[in-house]
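First the structure, in the form of C-alpha coordinates, and then the observations on it.
The values are calculated or read from the model by the stated rules, or taken from the named source; none is laboratory data. Bear in mind the structure is a predicted one, so any value in this text is a computation, not a measurement. No Cβ is skipped: glycine too gets one built from the backbone with ideal geometry, and neighbour counts run over all protein chains shown.
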Amino acid sequence: MQSFQFSRSGDLQSAYSAYRTADAEAADAAHSHSQYLAGGTTLLDLMKLGVMRPERVVDINDLDRTNAGLVEFAGNRLQLGALTRMSDVSDHPDVRREFPVIAQSLQLAASAQIRNMASLGGNVLQRTRCSYFRDTSYSNCNKREPGSGCAALDGINRPHAILGTSERCIATYPGDFAQALIALDAQVEVMGRNGSRELPFAKLHRPPGQTPHLETTLAPGELITAFRITRAPFTRRSLFLKVRDRESYEFALASAAVALDLNGDIVKQARIALGGVATVPWRAHEAEASLFNRRLDDTAVRHAADVAFADARPRQHNAFKVELGKRTLMRALRQAGDMEI
Amino acid sequence: MPSTKHDKQKPGWSRRNFLVTSMVSTMSVSLLDQPSASAASIATDPHAPHTTTINVNGQRYHLALDVRTTLLDALRDHIGLTGSKKGCDHGQCGACTVMVNDRRVLSCLTLAASVDGRNITTIEGLSQADGTLHPMQQAFIDHDAFQCGYCTPGQIVSAVACVKEGHAGTDADIREYMSGNLCRCAAYPNIVEAINQAKTRMKEA
(Lines give C-alpha, C1' and ligand atoms only; values in the text may rest on other atoms or scores of the structure.)
Protein backbone atom coordinates (compact mmCIF):
# COMPACT_ATOMS: atom_id res chain seq x y z
CA MET A 1 0.00 0.00 0.00
CA GLN A 2 1.29 3.42 -0.91
CA SER A 3 1.72 5.70 2.09
CA PHE A 4 -0.56 8.68 2.60
CA GLN A 5 -1.27 11.60 4.84
CA PHE A 6 -4.04 10.89 7.29
CA SER A 7 -6.41 13.21 9.07
CA ARG A 8 -9.78 13.00 10.78
CA SER A 9 -12.56 15.51 10.38
CA GLY A 10 -15.61 15.83 12.57
CA ASP A 11 -17.48 18.39 10.51
CA LEU A 12 -18.30 18.74 6.84
CA GLN A 13 -16.45 21.97 6.19
CA SER A 14 -13.15 20.80 7.61
CA ALA A 15 -13.51 17.45 5.84
CA TYR A 16 -13.96 19.24 2.51
CA SER A 17 -11.01 21.56 3.20
CA ALA A 18 -8.76 18.68 4.17
CA TYR A 19 -9.70 16.83 1.00
CA ARG A 20 -9.08 19.81 -1.26
CA THR A 21 -5.79 20.75 0.39
CA ALA A 22 -4.06 17.89 -1.38
CA ASP A 23 -6.22 18.21 -4.39
CA ALA A 24 -6.71 21.80 -5.45
CA GLU A 25 -5.74 21.13 -9.08
CA ALA A 26 -7.83 18.05 -9.76
CA ALA A 27 -10.02 18.59 -12.81
CA ASP A 28 -12.32 15.69 -11.96
CA ALA A 29 -12.81 13.14 -9.23
CA ALA A 30 -10.86 10.48 -11.15
CA HIS A 31 -7.72 12.63 -10.93
CA SER A 32 -8.20 13.35 -7.26
CA HIS A 33 -5.25 12.75 -4.93
CA SER A 34 -7.52 12.57 -1.89
CA GLN A 35 -10.06 10.07 -0.68
CA TYR A 36 -12.61 10.17 2.07
CA LEU A 37 -12.51 7.17 4.40
CA ALA A 38 -15.69 5.95 6.09
CA GLY A 39 -16.19 2.17 6.54
CA GLY A 40 -13.13 1.48 4.42
CA THR A 41 -14.51 -1.75 3.02
CA THR A 42 -13.87 -0.65 -0.56
CA LEU A 43 -11.06 1.83 -0.06
CA LEU A 44 -8.73 -0.25 2.13
CA ASP A 45 -9.27 -3.29 -0.08
CA LEU A 46 -8.39 -1.38 -3.26
CA MET A 47 -5.47 0.42 -1.61
CA LYS A 48 -3.98 -2.94 -0.64
CA LEU A 49 -4.38 -4.05 -4.25
CA GLY A 50 -2.73 -0.88 -5.51
CA VAL A 51 -5.82 0.01 -7.53
CA MET A 52 -6.45 3.14 -5.46
CA ARG A 53 -3.44 5.14 -4.36
CA PRO A 54 -4.57 8.29 -2.56
CA GLU A 55 -1.95 10.66 -1.21
CA ARG A 56 -4.32 11.95 1.41
CA VAL A 57 -6.98 10.06 3.34
CA VAL A 58 -9.59 12.07 5.22
CA ASP A 59 -11.33 9.95 7.85
CA ILE A 60 -14.94 11.14 8.09
CA ASN A 61 -16.24 8.57 10.55
CA ASP A 62 -16.67 11.25 13.21
CA LEU A 63 -19.35 12.82 10.98
CA ASP A 64 -21.68 10.16 12.30
CA ARG A 65 -22.21 12.51 15.28
CA THR A 66 -23.72 15.09 12.90
CA ASN A 67 -26.96 14.91 10.90
CA ALA A 68 -25.07 12.65 8.50
CA GLY A 69 -25.31 9.95 11.17
CA LEU A 70 -29.11 10.05 11.55
CA VAL A 71 -32.06 8.13 10.17
CA GLU A 72 -35.27 10.17 10.28
CA PHE A 73 -38.75 9.35 9.12
CA ALA A 74 -41.16 12.26 9.45
CA GLY A 75 -44.24 13.13 7.45
CA ASN A 76 -43.78 11.24 4.22
CA ARG A 77 -40.05 11.63 4.00
CA LEU A 78 -37.29 9.25 4.94
CA GLN A 79 -33.86 10.81 5.37
CA LEU A 80 -30.87 8.50 5.57
CA GLY A 81 -27.65 10.15 6.71
CA ALA A 82 -24.70 9.15 4.54
CA LEU A 83 -22.62 8.06 7.54
CA THR A 84 -25.25 5.66 8.86
CA ARG A 85 -24.16 2.05 8.54
CA MET A 86 -25.88 -0.53 6.37
CA SER A 87 -26.86 -2.69 9.36
CA ASP A 88 -28.46 0.21 11.24
CA VAL A 89 -30.69 1.09 8.31
CA SER A 90 -31.58 -2.48 7.32
CA ASP A 91 -32.71 -3.14 10.92
CA HIS A 92 -34.59 0.18 11.29
CA PRO A 93 -38.28 -0.51 12.00
CA ASP A 94 -39.61 2.43 9.93
CA VAL A 95 -37.48 1.42 6.96
CA ARG A 96 -38.52 -2.23 7.22
CA ARG A 97 -42.20 -1.38 7.42
CA GLU A 98 -42.52 1.48 4.93
CA PHE A 99 -39.67 0.79 2.48
CA PRO A 100 -39.01 -2.97 2.49
CA VAL A 101 -37.02 -2.78 -0.75
CA ILE A 102 -34.47 -0.54 0.98
CA ALA A 103 -34.16 -2.74 4.06
CA GLN A 104 -33.84 -5.90 1.94
CA SER A 105 -31.31 -4.45 -0.46
CA LEU A 106 -29.08 -3.63 2.50
CA GLN A 107 -29.69 -6.86 4.39
CA LEU A 108 -28.91 -9.08 1.39
CA ALA A 109 -25.63 -7.30 0.73
CA ALA A 110 -22.22 -8.32 2.03
CA SER A 111 -21.79 -9.85 5.50
CA ALA A 112 -22.83 -8.80 8.99
CA GLN A 113 -19.34 -7.45 9.67
CA ILE A 114 -19.22 -5.42 6.47
CA ARG A 115 -22.75 -4.10 7.02
CA ASN A 116 -21.62 -2.88 10.45
CA MET A 117 -18.75 -1.00 8.84
CA ALA A 118 -19.92 0.28 5.47
CA SER A 119 -21.63 3.67 5.34
CA LEU A 120 -24.53 4.32 2.98
CA GLY A 121 -22.60 7.06 1.20
CA GLY A 122 -19.68 4.76 0.60
CA ASN A 123 -21.95 1.91 -0.39
CA VAL A 124 -23.37 3.68 -3.42
CA LEU A 125 -19.83 4.68 -4.47
CA GLN A 126 -18.32 1.19 -4.20
CA ARG A 127 -16.16 0.25 -7.15
CA THR A 128 -16.79 -2.54 -9.60
CA ARG A 129 -15.72 -6.13 -8.87
CA CYS A 130 -14.41 -6.57 -12.44
CA SER A 131 -11.34 -8.74 -11.95
CA TYR A 132 -9.42 -6.86 -14.63
CA PHE A 133 -10.03 -3.62 -12.76
CA ARG A 134 -9.00 -5.13 -9.43
CA ASP A 135 -5.86 -6.85 -10.71
CA THR A 136 -3.16 -4.34 -11.62
CA SER A 137 -1.17 -6.99 -13.48
CA TYR A 138 -3.60 -6.39 -16.34
CA SER A 139 -2.44 -3.22 -18.01
CA ASN A 140 -5.57 -2.68 -20.06
CA CYS A 141 -8.41 -1.29 -18.01
CA ASN A 142 -10.00 1.94 -19.15
CA LYS A 143 -11.50 2.49 -15.73
CA ARG A 144 -8.16 2.21 -13.94
CA GLU A 145 -5.92 3.65 -16.67
CA PRO A 146 -7.95 5.77 -19.11
CA GLY A 147 -7.24 4.85 -22.71
CA SER A 148 -5.50 1.55 -21.91
CA GLY A 149 -8.22 -0.69 -23.34
CA CYS A 150 -10.57 -3.26 -21.80
CA ALA A 151 -9.36 -6.77 -21.02
CA ALA A 152 -12.88 -7.89 -20.12
CA LEU A 153 -14.37 -7.45 -23.60
CA ASP A 154 -12.74 -10.67 -24.80
CA GLY A 155 -11.72 -12.03 -21.42
CA ILE A 156 -13.55 -14.02 -18.79
CA ASN A 157 -16.64 -11.84 -18.71
CA ARG A 158 -19.15 -14.06 -16.95
CA PRO A 159 -19.92 -11.54 -14.17
CA HIS A 160 -19.97 -8.57 -16.51
CA ALA A 161 -22.77 -6.27 -17.58
CA ILE A 162 -25.19 -6.65 -20.48
CA LEU A 163 -26.97 -3.30 -20.09
CA GLY A 164 -25.42 0.17 -20.32
CA THR A 165 -22.14 -1.13 -21.67
CA SER A 166 -19.82 0.59 -24.11
CA GLU A 167 -16.93 -0.59 -26.25
CA ARG A 168 -14.68 0.88 -23.55
CA CYS A 169 -16.08 -0.88 -20.48
CA ILE A 170 -18.49 -3.64 -19.50
CA ALA A 171 -17.81 -3.64 -15.75
CA THR A 172 -20.88 -4.34 -13.61
CA TYR A 173 -22.04 -1.90 -10.97
CA PRO A 174 -21.84 -4.21 -7.94
CA GLY A 175 -24.15 -2.65 -5.34
CA ASP A 176 -27.69 -3.52 -4.23
CA PHE A 177 -28.87 -0.48 -2.23
CA ALA A 178 -28.51 1.77 -5.28
CA GLN A 179 -31.17 -0.19 -7.14
CA ALA A 180 -33.64 0.46 -4.31
CA LEU A 181 -32.79 4.15 -4.35
CA ILE A 182 -33.15 4.60 -8.09
CA ALA A 183 -36.41 2.62 -8.15
CA LEU A 184 -37.93 4.91 -5.50
CA ASP A 185 -36.76 8.18 -7.13
CA ALA A 186 -34.45 9.01 -4.22
CA GLN A 187 -32.71 12.37 -3.98
CA VAL A 188 -29.08 12.76 -2.91
CA GLU A 189 -27.80 15.63 -0.80
CA VAL A 190 -24.21 16.57 -1.55
CA MET A 191 -21.88 19.03 0.16
CA GLY A 192 -19.19 20.80 -1.79
CA ARG A 193 -17.47 24.08 -2.55
CA ASN A 194 -20.66 26.09 -2.64
CA GLY A 195 -22.36 24.38 0.25
CA SER A 196 -25.16 21.92 -0.17
CA ARG A 197 -26.90 20.80 -3.36
CA GLU A 198 -29.43 18.11 -4.13
CA LEU A 199 -29.71 15.90 -7.18
CA PRO A 200 -31.79 12.90 -8.22
CA PHE A 201 -30.03 9.66 -7.37
CA ALA A 202 -30.48 8.71 -11.04
CA LYS A 203 -28.05 11.54 -11.92
CA LEU A 204 -25.31 10.40 -9.54
CA HIS A 205 -23.74 7.63 -11.61
CA ARG A 206 -22.44 8.05 -15.15
CA PRO A 207 -22.67 5.27 -17.70
CA PRO A 208 -19.18 4.32 -18.93
CA GLY A 209 -19.51 5.62 -22.50
CA GLN A 210 -16.14 6.93 -23.65
CA THR A 211 -15.02 7.80 -20.11
CA PRO A 212 -15.45 4.76 -17.83
CA HIS A 213 -12.98 6.25 -15.33
CA LEU A 214 -15.55 8.93 -14.52
CA GLU A 215 -18.07 6.99 -12.47
CA THR A 216 -20.12 9.76 -10.89
CA THR A 217 -21.11 13.37 -11.42
CA LEU A 218 -19.54 14.40 -8.10
CA ALA A 219 -16.91 17.14 -8.30
CA PRO A 220 -13.60 16.52 -6.50
CA GLY A 221 -14.20 16.68 -2.75
CA GLU A 222 -17.97 16.69 -2.98
CA LEU A 223 -19.34 14.52 -0.22
CA ILE A 224 -22.67 12.73 -0.08
CA THR A 225 -24.39 13.74 3.15
CA ALA A 226 -27.87 12.18 2.90
CA PHE A 227 -30.40 10.29 0.82
CA ARG A 228 -34.06 11.32 0.78
CA ILE A 229 -36.90 9.05 -0.18
CA THR A 230 -40.56 10.04 -0.25
CA ARG A 231 -43.26 7.60 0.78
CA ALA A 232 -45.56 6.82 -2.13
CA PRO A 233 -48.46 4.44 -2.82
CA PHE A 234 -45.96 1.85 -4.13
CA THR A 235 -43.29 1.99 -1.41
CA ARG A 236 -44.88 -0.55 0.96
CA ARG A 237 -45.44 -3.10 -1.80
CA SER A 238 -41.76 -3.28 -2.64
CA LEU A 239 -39.02 -5.86 -2.44
CA PHE A 240 -35.49 -6.69 -3.46
CA LEU A 241 -34.74 -10.04 -5.08
CA LYS A 242 -31.13 -11.10 -5.48
CA VAL A 243 -29.82 -14.10 -7.39
CA ARG A 244 -26.21 -15.14 -6.91
CA ASP A 245 -23.72 -17.99 -7.11
CA ARG A 246 -23.98 -18.72 -3.39
CA GLU A 247 -26.90 -18.07 -1.12
CA SER A 248 -25.31 -15.44 1.11
CA TYR A 249 -22.39 -13.00 1.16
CA GLU A 250 -22.09 -12.72 -2.61
CA PHE A 251 -22.58 -10.11 -5.29
CA ALA A 252 -25.62 -10.34 -7.52
CA LEU A 253 -25.58 -12.13 -10.85
CA ALA A 254 -28.99 -10.54 -11.30
CA SER A 255 -31.20 -8.57 -8.97
CA ALA A 256 -34.45 -6.67 -9.15
CA ALA A 257 -35.79 -3.87 -6.98
CA VAL A 258 -39.51 -3.55 -7.63
CA ALA A 259 -42.35 -1.51 -6.18
CA LEU A 260 -46.00 -1.71 -7.19
CA ASP A 261 -49.15 0.26 -6.61
CA LEU A 262 -52.05 -2.04 -7.41
CA ASN A 263 -55.76 -1.49 -7.74
CA GLY A 264 -56.96 -5.03 -7.30
CA ASP A 265 -54.63 -6.79 -9.71
CA ILE A 266 -54.36 -3.83 -12.06
CA VAL A 267 -51.02 -1.99 -11.99
CA LYS A 268 -51.45 1.73 -11.29
CA GLN A 269 -47.72 2.36 -10.94
CA ALA A 270 -44.65 0.16 -11.21
CA ARG A 271 -41.05 0.90 -10.29
CA ILE A 272 -38.31 -1.41 -11.54
CA ALA A 273 -34.55 -1.30 -11.13
CA LEU A 274 -32.07 -3.98 -12.15
CA GLY A 275 -28.74 -4.91 -10.60
CA GLY A 276 -25.93 -7.33 -11.38
CA VAL A 277 -26.57 -6.90 -15.10
CA ALA A 278 -25.78 -3.23 -15.76
CA THR A 279 -22.84 -0.86 -15.64
CA VAL A 280 -24.73 1.60 -13.44
CA PRO A 281 -27.78 1.43 -11.17
CA TRP A 282 -30.37 0.65 -13.83
CA ARG A 283 -33.93 1.92 -13.98
CA ALA A 284 -36.16 0.03 -16.42
CA HIS A 285 -38.57 2.81 -17.41
CA GLU A 286 -39.97 1.09 -20.51
CA ALA A 287 -40.72 -2.07 -18.57
CA GLU A 288 -42.52 0.02 -15.95
CA ALA A 289 -44.58 1.73 -18.65
CA SER A 290 -45.47 -1.62 -20.21
CA LEU A 291 -47.23 -2.63 -17.00
CA PHE A 292 -49.33 0.53 -16.68
CA ASN A 293 -53.04 -0.27 -16.38
CA ARG A 294 -52.31 -3.93 -17.12
CA ARG A 295 -53.45 -6.89 -15.08
CA LEU A 296 -50.39 -8.29 -13.30
CA ASP A 297 -50.62 -11.71 -14.94
CA ASP A 298 -47.99 -13.98 -16.47
CA THR A 299 -48.31 -12.36 -19.90
CA ALA A 300 -47.76 -8.85 -18.56
CA VAL A 301 -44.89 -9.90 -16.33
CA ARG A 302 -43.15 -11.78 -19.15
CA HIS A 303 -43.64 -8.85 -21.51
CA ALA A 304 -42.19 -6.43 -18.97
CA ALA A 305 -39.13 -8.66 -18.61
CA ASP A 306 -38.67 -8.86 -22.39
CA VAL A 307 -38.91 -5.08 -22.62
CA ALA A 308 -36.44 -4.59 -19.75
CA PHE A 309 -33.77 -6.66 -21.52
CA ALA A 310 -34.57 -5.69 -25.12
CA ASP A 311 -31.34 -3.70 -25.39
CA ALA A 312 -29.13 -6.28 -23.67
CA ARG A 313 -25.69 -6.72 -25.26
CA PRO A 314 -24.24 -10.00 -23.95
CA ARG A 315 -20.65 -11.12 -24.55
CA GLN A 316 -19.12 -14.59 -24.75
CA HIS A 317 -19.54 -15.73 -21.13
CA ASN A 318 -22.46 -13.69 -19.82
CA ALA A 319 -25.27 -14.42 -22.28
CA PHE A 320 -27.00 -16.42 -19.52
CA LYS A 321 -27.68 -13.13 -17.75
CA VAL A 322 -30.36 -12.18 -20.27
CA GLU A 323 -32.60 -15.08 -19.29
CA LEU A 324 -31.53 -15.00 -15.64
CA GLY A 325 -32.25 -11.28 -15.44
CA LYS A 326 -35.68 -11.71 -17.02
CA ARG A 327 -36.63 -14.55 -14.68
CA THR A 328 -35.38 -12.60 -11.68
CA LEU A 329 -37.55 -9.64 -12.63
CA MET A 330 -40.58 -11.84 -13.33
CA ARG A 331 -40.29 -13.55 -9.98
CA ALA A 332 -39.83 -10.22 -8.19
CA LEU A 333 -42.95 -8.77 -9.81
CA ARG A 334 -45.03 -11.83 -8.94
CA GLN A 335 -43.81 -11.80 -5.34
CA ALA A 336 -44.54 -8.08 -5.02
CA GLY A 337 -48.01 -8.68 -6.41
CA ASP A 338 -48.59 -11.37 -3.78
CA MET A 339 -47.39 -9.25 -0.85
CA GLU A 340 -49.85 -8.68 1.97
CA ILE A 341 -49.64 -5.01 2.88
CA MET B 1 -9.35 20.21 10.79
CA PRO B 2 -7.93 18.55 13.89
CA SER B 3 -4.29 18.20 13.02
CA THR B 4 -2.60 15.00 13.93
CA LYS B 5 0.69 14.53 15.67
CA HIS B 6 1.77 12.89 12.49
CA ASP B 7 1.57 16.23 10.72
CA LYS B 8 3.75 17.97 13.26
CA GLN B 9 6.41 15.36 13.61
CA LYS B 10 9.43 15.47 11.42
CA PRO B 11 10.09 12.46 9.32
CA GLY B 12 12.44 9.94 10.77
CA TRP B 13 12.12 7.85 13.84
CA SER B 14 14.72 7.54 16.53
CA ARG B 15 14.92 5.46 19.64
CA ARG B 16 14.65 8.70 21.65
CA ASN B 17 11.29 9.92 20.40
CA PHE B 18 10.07 6.37 20.44
CA LEU B 19 10.76 6.33 24.19
CA VAL B 20 9.02 9.66 24.70
CA THR B 21 5.86 8.47 23.03
CA SER B 22 5.95 5.26 24.91
CA MET B 23 6.04 7.03 28.25
CA VAL B 24 2.98 9.19 27.68
CA SER B 25 1.17 7.14 30.27
CA THR B 26 2.67 4.89 32.85
CA MET B 27 -0.74 3.46 33.69
CA SER B 28 -1.10 1.69 30.43
CA VAL B 29 0.78 -0.52 28.11
CA SER B 30 3.03 1.02 25.54
CA LEU B 31 4.89 -0.59 22.73
CA LEU B 32 8.02 -0.73 24.85
CA ASP B 33 6.35 -3.21 27.13
CA GLN B 34 6.12 -5.64 24.30
CA PRO B 35 9.61 -7.02 23.74
CA SER B 36 8.76 -8.25 20.28
CA ALA B 37 10.61 -7.97 17.03
CA SER B 38 7.94 -5.58 15.86
CA ALA B 39 9.42 -2.73 17.88
CA ALA B 40 12.60 -2.92 15.85
CA SER B 41 10.70 -2.97 12.59
CA ILE B 42 8.99 0.28 13.51
CA ALA B 43 12.28 1.91 14.37
CA THR B 44 13.58 1.31 10.87
CA ASP B 45 10.37 2.34 9.11
CA PRO B 46 11.04 5.24 6.78
CA HIS B 47 7.62 6.73 7.32
CA ALA B 48 6.74 9.08 10.12
CA PRO B 49 4.80 7.26 12.82
CA HIS B 50 1.21 8.00 13.61
CA THR B 51 0.25 7.88 17.26
CA THR B 52 -2.94 6.06 18.19
CA THR B 53 -4.42 5.04 21.51
CA ILE B 54 -6.75 2.07 21.55
CA ASN B 55 -8.35 0.09 24.34
CA VAL B 56 -8.06 -3.62 23.76
CA ASN B 57 -9.84 -6.02 26.11
CA GLY B 58 -9.89 -3.33 28.79
CA GLN B 59 -6.21 -2.50 28.48
CA ARG B 60 -5.03 0.80 27.05
CA TYR B 61 -2.30 0.79 24.39
CA HIS B 62 -0.37 3.76 23.07
CA LEU B 63 0.92 2.96 19.64
CA ALA B 64 3.17 4.75 17.21
CA LEU B 65 2.58 3.12 13.87
CA ASP B 66 3.03 3.54 10.17
CA VAL B 67 -0.26 5.15 9.25
CA ARG B 68 -1.00 2.27 6.85
CA THR B 69 -1.16 -0.22 9.72
CA THR B 70 -4.47 -2.02 9.93
CA LEU B 71 -6.10 -2.78 13.24
CA LEU B 72 -5.36 -6.46 12.56
CA ASP B 73 -1.64 -5.85 12.14
CA ALA B 74 -1.61 -3.54 15.16
CA LEU B 75 -3.15 -6.27 17.28
CA ARG B 76 -0.98 -9.10 16.00
CA ASP B 77 2.38 -7.52 15.26
CA HIS B 78 2.53 -4.59 17.64
CA ILE B 79 0.45 -5.54 20.66
CA GLY B 80 1.19 -9.25 20.46
CA LEU B 81 -2.41 -10.49 20.46
CA THR B 82 -2.19 -13.09 17.73
CA GLY B 83 -5.60 -14.66 18.31
CA SER B 84 -7.21 -12.62 15.54
CA LYS B 85 -6.12 -14.26 12.31
CA LYS B 86 -5.11 -12.97 8.92
CA GLY B 87 -6.84 -15.07 6.29
CA CYS B 88 -7.48 -13.18 3.08
CA ASP B 89 -6.55 -9.68 4.33
CA HIS B 90 -9.25 -8.32 2.00
CA GLY B 91 -12.47 -8.58 3.98
CA GLN B 92 -13.64 -11.80 2.38
CA CYS B 93 -13.08 -14.50 5.03
CA GLY B 94 -13.88 -13.07 8.48
CA ALA B 95 -10.89 -14.64 10.27
CA CYS B 96 -9.89 -11.19 11.53
CA THR B 97 -13.27 -10.37 13.10
CA VAL B 98 -13.10 -8.28 16.28
CA MET B 99 -15.57 -6.03 18.03
CA VAL B 100 -15.16 -2.26 17.97
CA ASN B 101 -17.40 -0.58 20.51
CA ASP B 102 -19.35 -3.86 20.73
CA ARG B 103 -19.96 -4.17 16.95
CA ARG B 104 -18.29 -6.94 14.98
CA VAL B 105 -16.07 -5.61 12.21
CA LEU B 106 -13.22 -6.75 10.01
CA SER B 107 -9.93 -5.63 11.51
CA CYS B 108 -8.08 -6.19 8.21
CA LEU B 109 -10.11 -3.42 6.53
CA THR B 110 -9.87 -1.04 9.48
CA LEU B 111 -6.97 1.35 9.92
CA ALA B 112 -5.63 1.44 13.47
CA ALA B 113 -5.66 5.23 13.11
CA SER B 114 -9.41 5.15 12.49
CA VAL B 115 -10.22 3.49 15.83
CA ASP B 116 -8.27 5.90 18.00
CA GLY B 117 -9.99 6.02 21.39
CA ARG B 118 -12.33 3.09 20.65
CA ASN B 119 -12.82 -0.10 22.65
CA ILE B 120 -11.69 -3.27 20.92
CA THR B 121 -12.64 -6.79 22.00
CA THR B 122 -10.66 -9.70 20.56
CA ILE B 123 -10.87 -13.43 21.11
CA GLU B 124 -8.39 -12.99 23.97
CA GLY B 125 -10.88 -10.76 25.76
CA LEU B 126 -13.80 -13.19 25.92
CA SER B 127 -12.77 -15.51 28.74
CA GLN B 128 -12.91 -14.50 32.38
CA ALA B 129 -9.87 -13.46 34.39
CA ASP B 130 -9.72 -16.86 36.09
CA GLY B 131 -9.55 -18.59 32.73
CA THR B 132 -13.17 -19.68 32.59
CA LEU B 133 -14.12 -19.82 28.95
CA HIS B 134 -16.91 -17.73 27.44
CA PRO B 135 -20.02 -19.89 26.83
CA MET B 136 -19.35 -19.57 23.08
CA GLN B 137 -15.78 -20.81 23.42
CA GLN B 138 -16.97 -23.75 25.52
CA ALA B 139 -19.72 -24.51 23.01
CA PHE B 140 -17.24 -24.65 20.14
CA ILE B 141 -15.25 -27.24 22.10
CA ASP B 142 -18.36 -29.18 23.14
CA HIS B 143 -19.60 -29.42 19.55
CA ASP B 144 -16.23 -29.88 17.86
CA ALA B 145 -17.03 -26.80 15.79
CA PHE B 146 -13.68 -26.69 13.99
CA GLN B 147 -11.01 -28.82 12.42
CA CYS B 148 -7.87 -26.81 11.71
CA GLY B 149 -8.99 -23.96 13.95
CA TYR B 150 -7.66 -21.11 11.86
CA CYS B 151 -11.04 -19.44 11.35
CA THR B 152 -12.20 -20.23 14.91
CA PRO B 153 -11.27 -16.99 16.71
CA GLY B 154 -13.13 -15.00 14.06
CA GLN B 155 -16.05 -17.44 14.15
CA ILE B 156 -16.35 -17.17 17.93
CA VAL B 157 -16.13 -13.37 18.11
CA SER B 158 -18.62 -13.13 15.26
CA ALA B 159 -20.92 -15.66 16.92
CA VAL B 160 -20.94 -13.77 20.22
CA ALA B 161 -21.94 -10.62 18.35
CA CYS B 162 -24.51 -12.54 16.31
CA VAL B 163 -26.25 -13.68 19.50
CA LYS B 164 -26.08 -10.23 21.10
CA GLU B 165 -27.55 -8.65 17.96
CA GLY B 166 -30.52 -11.02 18.23
CA HIS B 167 -29.72 -12.69 14.90
CA ALA B 168 -29.35 -16.25 16.19
CA GLY B 169 -33.05 -17.09 16.51
CA THR B 170 -33.18 -19.92 13.98
CA ASP B 171 -30.64 -22.11 12.20
CA ALA B 172 -31.39 -20.18 9.01
CA ASP B 173 -30.71 -16.88 10.78
CA ILE B 174 -27.45 -18.20 12.19
CA ARG B 175 -26.31 -19.38 8.76
CA GLU B 176 -27.24 -16.06 7.15
CA TYR B 177 -25.74 -13.82 9.81
CA MET B 178 -22.58 -15.92 10.13
CA SER B 179 -21.99 -16.02 6.36
CA GLY B 180 -19.14 -13.53 6.67
CA ASN B 181 -17.02 -16.16 8.43
CA LEU B 182 -15.74 -18.81 6.05
CA CYS B 183 -14.58 -22.23 7.25
CA ARG B 184 -12.54 -24.13 4.67
CA CYS B 185 -12.88 -27.30 6.78
CA ALA B 186 -16.65 -26.86 6.46
CA ALA B 187 -17.45 -27.27 10.14
CA TYR B 188 -20.62 -25.28 9.54
CA PRO B 189 -23.18 -27.76 10.97
CA ASN B 190 -21.20 -27.98 14.21
CA ILE B 191 -20.78 -24.20 14.34
CA VAL B 192 -24.56 -23.79 14.11
CA GLU B 193 -24.99 -26.34 16.93
CA ALA B 194 -22.42 -24.55 19.05
CA ILE B 195 -24.15 -21.21 18.62
CA ASN B 196 -27.49 -22.75 19.50
CA GLN B 197 -26.01 -24.07 22.75
CA ALA B 198 -24.20 -20.85 23.60
CA LYS B 199 -27.14 -18.56 22.94
CA THR B 200 -29.08 -20.30 25.72
CA ARG B 201 -26.16 -20.19 28.16
CA MET B 202 -25.45 -16.54 27.32
CA LYS B 203 -29.03 -15.68 28.29
CA GLU B 204 -28.67 -17.59 31.56
CA ALA B 205 -25.39 -15.90 32.38
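Details
- Condition met for A:ALA252 (surrounded by 24 or more Cβ atoms within 10 Å (Cβ to Cβ) and in a loop (DSSP other than H, G, I, E, B)): yes
- Per-region count, the stretch A:213-249, residues among the basic types (Lys, Arg) and in a strand (DSSP E or B): 2
- Options B:GLY154, B:GLY94; residue that is on the phi > 0 side of the Ramachandran plot, crowded, with 20+ Cβ neighbours inside 10 Å and in contact (Cβ under 8 Å) with a residue 40 or more places away in the chain: B:GLY94
- Single residue of A:THR279, A:THR299 found to be crowded, with 19+ Cβ neighbours inside 10 Å, at pLDDT 95 or above and of a type in the set (Val, Ile, Thr): A:THR279
- Unmet requirement for B:ASP45, which otherwise passes all of (1) away from every other protein chain (no Cβ under 14 Å); (2) at pLDDT below 55: (1)
- Annotation note: of B:ALA113, B:ALA74, the sole residue that is part of a helix (DSSP H, G or I), within 14 Å of another protein chain (Cβ to nearest Cβ) and in contact (Cβ under 8 Å) with a residue 40 or more places away in the chain is B:ALA113.
- Members of the stretch B:172-186 found to be crowded, with 22+ Cβ neighbours inside 10 Å and out of contact with any Leu (no Cβ under 9 Å at 6 or more places or on another chain), listed by number: B:ILE174, B:TYR177, B:MET178, B:ASN181, B:CYS183
- If you filter the stretch A:11-34 down to residues that are within 12 Å of chain B (Cβ to nearest Cβ) and in contact with a helix residue (DSSP H, G or I) (Cβ under 9 Å, 6 or more places away or on another chain), you find that the one that is surrounded by the most Cβ atoms within 10 Å (Cβ to Cβ) is A:ALA15.
- For the stretch A:183-206, the tally of residues that are modelled with pLDDT of 95 or more, surrounded by fewer than 20 Cβ atoms within 10 Å (Cβ to Cβ) and assigned to a loop (DSSP other than H, G, I, E, B) stands at 2.
- All positions within the stretch A:31-69 that are of a type in the set (Lys, Arg) and under 14 Å from A:GLN126 (Cβ atoms): none
- Some residue of the stretch A:177-194 being farther than 23 Å from A:ALA259 by Cβ and acidic (Asp, Glu): no
- Flag for A:GLU72 being over 22 Å from the mean Cα position of the chain (by Cα), more than 14 Å from chain B (Cβ to nearest Cβ) and charged (D, E, K, R): no
- Taken over the stretch B:123-151, residues that are more than 14 Å from chain A (Cβ to nearest Cβ), surrounded by 24 or more Cβ atoms within 10 Å (Cβ to Cβ) and not in a helix (DSSP H, G or I) amount to 1.
- Close pairs (7 angstrom Cβ cut-off, 6 or more residues apart or separate chains): farther than 14 Å from A:ARG129 by Cα in the stretch A:26-50, aromatic (Phe, Trp, Tyr) anywhere: A:SER34/A:TYR19; A:TYR36/A:TYR19
- In the set (1) buried (at least 24 other Cβ atoms within 10 Å of the Cβ); (2) hydroxyl-bearing (Ser, Thr, Tyr); (3) within 14 Å of chain B (Cβ to nearest Cβ); (4) under 18 Å from A:VAL277 (Cα atoms), A:SER131 fails one condition alone, (1).
- Exactly one residue out of A:VAL95, A:VAL101 is closer than 25 Å to B:TYR177 by Cβ, free of Cβ contacts under 8 Å to residues at least 60 places away in the same chain, more than 9 Å from every other protein chain (Cβ to nearest Cβ) and among the aliphatic types (A, V, I, L, M): that is A:VAL95.
- Tally, over the stretch B:99-110, of residues that are more than 7 Å from every other protein chain (Cβ to nearest Cβ) and not in a helix (DSSP H, G or I): 4
- Taking the stretch A:58-84 as the range and being surrounded by 24 or more Cβ atoms within 10 Å (Cβ to Cβ) and either closer than 13 Å to A:PHE177 by Cα or modelled with pLDDT under 95 (or both) as the test, the residues that pass are A:LEU80, A:ALA82.
- The set of residues in the stretch A:109-126 being part of a loop (DSSP other than H, G, I, E, B) and more than 9 Å from chain B (Cβ to nearest Cβ) consists of A:ALA109, A:ALA118, A:LEU125, A:GLN126.
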